[in-house]
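FYI, it's all coordinate maths here, none of it is from the lab. Quantities reported herein were computed from a predicted structural model and do not represent experimental measurements. Virtual Cβ from ideal backbone geometry, glycine too; neighbours counted across all protein chains shown.
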Ligand SMILES: [Zn+2]
């Protein structure tokens, strides 16, 4: 009997660094190739050896373009991976943009740290550079949704929409006769633009590998907290800063702001989208809507074809650094949406530094804030946060709005697992912070009666 094994090379005990290795005989396939983010001890893991010689990997398949699922690819290629990288059309497009941005930020941060002398690396260095991203992008192979695609010897992958971000898929993998399902990140029902997540394909799976980001809680119902926070801020003459993941969260926020404008629920102040990456992603969403992409809800494509669902008439797109600087420390009320979503890098860091010390302003956190990030510190009520080696006092209002989450919560994950026609033989729970994955695994065992485990980092399990 040929031995098929799965190894958890990341996203075990943490929400980042998704990397799962399937192996049988001399075939090795990597599902997702993410970067570790958040706490310094996690970020340092990106410098550790992968746990397998990249040159021995036959192929890689990627669920979606978020950095914690694709951000390690250029390092993999740099370290000797010679194969192809399979992903959906928009995942390849968005990943290229996101990886370039990641390389640029790392290179800039390393240069800045070298100048200021506050890095632990001497000299400070980037994990990879933009040239590595260019080589990586040449390895991408587009795979259509719902078609069984061979990616390596006795290895077939079918990509199914997961409703998380444009291009995002969960993967049905057939590997040397075993069937394994990888959730990637599961979206929610009712995304304003994207089609509903697919049900689990028929038949029994030998294993289901599921995320558990919000596995231990339920999302709050939609309230007026978002518009209330905006209105209070504008009334006192302040501005609103929304750190947002460049891909999808920016789109969802812009759609919501347009609706609030149209319903006269917030004042018509200028809205600035201040992230070059978010603006590139925005164009891919516009293109998908105009081209009736199967990922876009039919009613959205019908209503907005040739028009812009992201602009209520006051959207300003700030592409260059000089344009961005014109809104530094805003004197007139406005709404600024800027990346990164957890305040760890990008232009939002400069806006946080300007705006946090002023009690007139409000920072609205709309996404998941991983431990160790500035966003998490703000959410936890920090009175000061460190930026570029300096402590910045937090006087601005901090609001956390959960309803924009593009991750399924515990109930939604259970509901999705229940769409399986036959119970999977076992479930591996990954992509949750310490304790959360275990909690969700216990729930799966008790509620669904399926063998479930939250694997440890580097754990190898024979299927
Ligand atoms: Zn994601």
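Return the equivalent ellipsoid semi-axes of the chain as a descending list in whole Å, where each equals the square root of 5 times an eigenvalue of the C-alpha gyration tensor. Mind showing how you got there, number by number?
Working: eigenvalues 249, 127, 90 Å².
Value: 35, 25, 21 Å, ordered largest first.
Sorting check: for 356-369, 62-75, 135-148, which peptide has the highest mean count of neighbouring beta carbons within 10 Å, and how do the rest follow? Spell out each step's value before the answer.
Working: 356-369: 20.9, 62-75: 27.9, 135-148: 15.6.
Top to bottom by mean Cβ count within 10 Å: 62-75, 356-369, 135-148.
Using the per-residue mean of other Cβ atoms lying within 10 Å as a proxy for protection, in what order, highest first, do the peptides 388-400, 176-188 fall?
Descending packing order for the listed peptides: 176-188, 388-400.
Label-point separation (nm) for residue 149 and residue 217, each offset 7 Å from Cα along Cα-to-Cβ?
3.5
Would you order 304, 47, 416 from fewest to most other beta-carbon atoms within 10 Å of each residue's own beta-carbon?
47, 304, 416
Convert 10 °C to kelvin, take the viscosity as 1.306 mPa s, use the Kirkwood radius over C-alpha pairs of segment 225-404 as Rh, and evaluate the Stokes-Einstein diffusion coefficient in µm²/s, rounded to a whole number. Before the final figure, lay out the partial values.
On the way: Rh = 16.5 Å.
Reported coefficient: 96 µm²/s.
Apply 1/(1 + (r/R0)^6) to the Cβ-Cβ distance of residue 116 and residue 267, taking R0 = 51 Å, and write down the FRET efficiency to the nearest 0.05.
Working: r = 40 Å, r/R0 = 0.78.
Plugging the Cβ-Cβ distance into 1/(1 + (r/R0)^6) gives 0.80.
Go ahead and estimate [θ] at 222 nm for the chain from helices alone: -39,500 (n - 2.57) per DSSP H run with n ≥ 4, summed, over the residue count, rounded to 500.
Working: 14 runs with 132 residues, N = 463.
For the chain, the value works out to -8000 deg cm²/dmol.
Counting DSSP beta bridges in segment 225-404, what percent are antiparallel, to the nearest 5?
Working: 4 of 21 bridges.
Around 20 percent of the beta bridges assigned by DSSP in segment 225-404 are antiparallel ones.
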